[in-house]
Each structure stands twice: as structure tokens, then as C-alpha cells.
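Below is one structure, written out as C-alpha cells, with a few remarks after it.
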Amino acid sequence: MSLEYALINDTSWQSQTEWQTPDTPFMSFEFWQALTDTGAIGEQAGWLPIFILVHRVDDHADNEDSTDGSVSSTANNAWQPVAVMPVFIKGHHRGEFVFDHSWAEAYARYGVDYYPRLVTSVPYTPITGQRLWIAKGQTLNDDILKTAIAGIDDIAQQVGASSWHGLFVTPTLASIATTSMPTEVDVERAIVAQESGIDAVPIEMPILERQGCQFLWQNKDLLNNSQPFADFDAFLMTLKAKKRKTIRAERRKVAEQGITCERKCGDAISEADWKAFYHCYVMTYAVRGQQPYLTLDFFMALAASMPRHIMLAQAFDASGEIIASSLFLYDDPDSDNQNPDSDNVDVSDNATLYGRYWGALGEYDSLHFELCYYQGLEFAIEQGLTFFDPGTQGEHKLVRGFIPTTTHSIHRIYDPRFVPAIGDFCMRDRMHMAQYRKQAFEALPFNADNMPDFNSSNS
């Protein structure tokens, strides 16, 4: 049995086998269907998807193989789906959160097209997680990933893409990708050999890794044998007195403005609540003169298809009017599914709350901190969730107990002339980000007895 790939333009593959439950709600079929049905992805949105189906083939079957490594649909009885990777053809960088604008500028200076480019990510969602759907009984490995990358290379050749970018991938995927491909040194040697006429073999490009930093809260009370926090006050007691006082003062300021907050989950969120939330969400973009990526129909689709993963925090003024909203998604803490992309760790051991979308109708002192962070912390503690990922960027998260954590992205550049410079950029960028994470870690507000381990947070 060997692995091959097929390039598919629709989601017909979803019904061809049983698939493992993804490690985050953002890779659920329901989330992607909502993106598709509401136009957030597709040709008009500039996110044109192609799905790479990795399948196991019976080498002795009479399959109608094509020369590009794909397989005819008439041979379905001879192959077994193993994994699927989404790839988007893009002519822009919007909604990605890992920035390669300087690479595009370098291409432009040399008169080379950087667009289209290929991207594998969850659109508009800077959340670390699997980037392949894995069939039940399978585990992500070197063979699966190499086959998927062969499919990526095929797409790149067909559309003339400059590069491929896998964003916010798991450490496991990043490790497999970077250790199974040629290095920048290998490429430089191959270029020299080719230019000298010694070797005319096509040059295979490496997978380059970049690292970043996000801030992740852990529901782990080191003062109490690493048990989950009993309540919000138990969390506060792990902080230095000055930081503890600041957070309590911020929460007081919200109450002194006559503002009250409420949390609702799933089916308890009414249509009126969703409309009020969307009004707030749109305002976040309007103040910057932008249009939002997502529509009200998208959020209503999530409400209908995956209510058990949704929490909405609302802020009311003294008259009872909604003045701000913050939307969260979260893992099912009772799940017994295995996560194939994180060394087969039980999903319930890593159940996470994800802070995603926020907006307010005006300026209110400390309300952003209350609705986006403190309400989320209280909810995570109440639900027994292990982590709280509040979203990308922001040192203001750091001083509220969110720990600097490594993020990973992987990149494949198809023009060998640019590989050495971009490889050097990635190496220097990793060094810079490692230094930044260390400095950020040293600024954490925890008292000495509850200081987490730096190495375990940055593996």
C-alpha cells in the first residue's frame, strides 16, 4: 500500500470515511461550512480553496492513475482516505496574521510576481491547531505530510504560485515538515551544482519555519498542587499584590459606570442577542474605516450548527441596553476523542476557551479588559477548561496572567534565488522571537511560588 493524493474542489471527500474530531472548533466541518455558505471563503473573497486528499492505494489494484499523482474517481474501491489538507489560492495577505509583506516587496523589487501565493490556515483565525483533517485510525506522520506537500507543489506549478504558507500549525506538524525536507544549505549547494553544469536535477525547496508569540492563560494553581483554580479570587492570589490590586480596580471601574455583565451559551443566545453582538462587532472595524470580514449570517450559522461551542459575554448600561459584546468559542471538556496532531493527547486534557470577536458602541473605562479577559477567565474556571487563548498580539494580556507561548508557521518558497535570503530572515526572526518571549516571560505578574516553567511554555 502506498500514499497518493487527489486535488478536489469541493467537500465531497467529507462523506468518504469517518474523520477524527479536530483539536479545535475552528477545524470542524460546521465552522468551514459557515465560512463557505456566507461567502467568507471562495473566489469572491479571495480565498479560493482546493482540498488535497491523501489516500492509501492498493499497489496491485488496477487504478487509473494520472501522471500528476492524483487518482481517478473511478478507482474509489481501491483506495482509502487518510487525511485532507486545505490550500487556498490567494492574491493578498488579509485575514492571515503572519506577515510576509516584506517578502512580496523583495519580489517586486526584482520584477518577480509574488502572487498568487498558497496558504493553509483557518481563514481570519490566528489559532494554533491541526491543519489537516485526519481519518479515524490514522496519525499524522512524515509520509502523510510529504504526500500533502507533493499536492501543494502540484497546485503551485499549475497556478504559478510563488510560495506556500502553513499558518499557526502545531509544533508536531512544524517539526515533521522541517526535518523531512532539504535545508537552505542543501538548496544553495544544488544551485551551485546546477549553475556549474554538474547536476541538472530539479532543486527541491526546503520548508522554512517562523516562530511567533501569543499569550495563553493556564488554569493551573501551582500554589495548590497544580490543581485548577477554585474561582477567580484563587487565580488573583497567584499574582503579585500590585497586579492583583490593579485587576480588582479595573473591575470596580466597570461597576462604577453602572455597567453589568452577563454570559450566555449556545441556544440561550437569542436572535436579538446576535444582532446586538454584530452591531458591536461592526463598530470595531468602523472606527478604523474598514469593513468586517464576517457577516451576521456567518455568526447565525455558527449558532445553528455548533451551539455547544459558543459563549457570548454582554455588557449592559444602567438602562439595560447592550453596549458591548464579546464572542468566545470553546472545546468540549468532556470529549473523549484523541487529537492525532498533538502526540495523541486526550482533547479533554487541553480543553481551551478561545476569545475571538469583540466590539463596543462607545468608550468605557476598563470594559475591554472585563468583557474580553476577566469574563473569559471566570468562564474557563467554572467550566474546568485547561487553557484560555484570548487571541493574537498584545502585551496587555501578559500583565493579566497570560503566558507567552510559541507559535509556528512553515513556508515553502519556489524560486531558489530567494530561498537563501528568506531562510536567513526566518532564522533571525526565530532568534528575535525567542528573545522577545524570554523577556515577556520575565515580566509575568505571578508571585514566585506560582511562576510557570519557561521551557514548557515555549516548546
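Brief remarks on what is shown
- Subset tally (residues that are out of contact with any Pro (no Cβ under 8 Å at 6 or more places or on another chain) and surrounded by fewer than 22 Cβ atoms within 10 Å (Cβ to Cβ)) for segment 153-169: 6
- Residue within segment 410-419 that is of a type in the set (D, E, K, R) and surrounded by 22 or more Cβ atoms within 10 Å (Cβ to Cβ) present: yes
- Just one residue in the set ILE127, ILE144 is touching a residue at least 12 places away in the same chain (Cβ under 8 Å), in a loop (DSSP other than H, G, I, E, B) and of a type outside the set (Ser, Thr, Tyr); that residue is ILE127.
- Neighbours by Cβ (under 7 Å, 6+ apart or cross-chain): first from segment 254-272, under 24 Å from PRO307 (Cα atoms) and assigned by TED's automatic domain parsing to the domain that holds PHE369; second crowded, with 16+ Cβ neighbours inside 10 Å and of a type in the set (Gly, Ala, Ser): CYS261/ALA313; CYS261/ALA315; ARG263/ALA313; ILE269/ALA303
- Residue match in segment 270-283 (condition: touching a strand residue (DSSP E or B) at 6+ places or on another chain (Cβ under 8 Å), assigned to a helix (DSSP H, G or I) and β-branched (Val, Ile, Thr)): yes
- Looking across segment 1-46, the residues that are part of a loop (DSSP other than H, G, I, E, B), among the charged types (D, E, K, R) and surrounded by fewer than 20 Cβ atoms within 10 Å (Cβ to Cβ) come down to ASP10, GLU18, GLU43.
- Total residues in segment 311-347, condition surrounded by 13 or more Cβ atoms within 10 Å (Cβ to Cβ), modelled with pLDDT of 95 or more and of a type outside the set (Gly, Ala, Ser): 12
- Residues that are touching a Cys at 6+ places or on another chain (Cβ under 9 Å) and of a type in the set (Val, Ile, Thr) were ranked within segment 405-459; the one that is nearest to HIS101 (Cα to Cα) is THR407.
- Search result, residues across segment 102-124 that are within 22 Å of ALA174 (Cβ to Cβ) and not in a strand (DSSP E or B): SER102, TRP103, SER121, VAL122, PRO123, TYR124
- Residue tally, condition in a helix (DSSP H, G or I), within 22 Å of THR172 (Cα to Cα) and of a type in the set (Gly, Ala, Ser), over segment 404-459: 4
- Residue in segment 251-269 that is part of a helix (DSSP H, G or I), modelled with pLDDT under 95 and under 30 Å from LEU444 (Cβ atoms) present: no
- Of ARG356, ARG428, all but one fail to be closer than 24 Å to SER121 by Cα and surrounded by 17 or more Cβ atoms within 10 Å (Cβ to Cβ); the exception is ARG356.
The values are calculated or read from the model by the stated rules, or taken from the named source; none is laboratory data. Just so we're clear, the structure is a prediction, and the values are computed from it rather than from any experiment. In this analysis, Cβ positions are derived from the backbone assuming ideal geometry, glycine residues included, and neighbour counts consider all displayed protein chains.
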